[in-house]
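One structure is given here, and the rest of the page talks about it.
Just so you know, all these numbers are worked out from the coordinates, no wet-lab data involved. Quantities reported herein were computed from a predicted structural model and do not represent experimental measurements. As a convention, Cβ positions derive from the backbone with ideal geometry for all residues, glycine included, and neighbour counts pool all protein chains shown.
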Amino acid sequence: MTAVSEADNVTVDLPVEGMTCVACATRIERKLGKRTGISDASVNYATLGARVTYDPGEVNVSDIVSEIRNTGYDVAVSDLRVVGLTREDRDAALGVTGVVEIVDGDGDSIVRYIPGLVDKARLDQIVRQ
């Protein structure tokens, strides 16, 4: 799970869950390929991964994850539970490539991120300043 910058585009590797055959990978690949802002998408059933090149001015990792989820599959994420997350810390976390979403609960929040794209120690530092 890496993020590589190529000119103005960014390439990310995402761990995809729920694929059971090559046709699943092809379905995701086609769906991603139709999305504005995505210049290349390659999904591999054998590695259960998707390599996506996109224009960060038009689309972000959360959008790509949503597109995969809307196709009927998921992206493996990890959770970081934070108590007392401030608006500033929330905005900072959402600005980190690889943070997918933040779910608020009773007095705490769960920051969902893609391992490999986000360094957990750095994310922990951002949200607990």
Zero-based 10 Å bins, Cα pair distances in the stretch 22-92, whole percents
18, 44, 24, 13, 1
At most 13 other Cβ atoms within 10 Å and a DSSP loop assignment: could you name the trypsin sites (Lys or Arg not before Pro) in the stretch 1-102 that fit?
K34
Would you work out if the stretch 77-129 is rounded, prolate or oblate? Take a ≥ b ≥ c from the square roots of the eigenvalues of the alpha-carbon gyration tensor; rounded if a/c is under 1.5, else prolate when a/b is larger than b/c, oblate otherwise.
prolate
Compute the separation of the alpha-carbon centres of the stretch 60-129 and the stretch 12-47 and state it in Å as a whole number.
21 Å
What Kirkwood hydrodynamic radius do you get for the stretch 39-129 when you take the inverse of the mean 1/r over all pairs of distinct Cα atoms, in Å?
14.1 Å
Sparse-neighbour loop sites [GluC sites (Glu not before Pro); the stretch 4-71; at most 16 other C-beta within 10 Å; DSSP]:
E58
Per DSSP H run of at least 4 residues, take -39500 (n - 2.57); add these up for the chain, divide by its residues and hand me the 222 nm value, nearest 500 deg cm²/dmol.
-8500 deg cm²/dmol
Simple spin-label estimate for D8/A76, 7 Å along Cα→Cβ, in nm, reads 3.4 nm
Can you give me the angle between helix 61-70 and the longest principal axis of the chain, using Cα atoms only, in degrees from 0 to 90, rounded to the nearest 10?
60 degrees
Note on the chain: contact order normalised by length, alpha-carbon pairs under 8 Å, 6 or more apart, percent, works out to 23 percent
Full extension from D40 to V22: what is 0.36 nm times the residue separation minus their Cα-Cα distance, to one decimal in nm?
4.7 nm
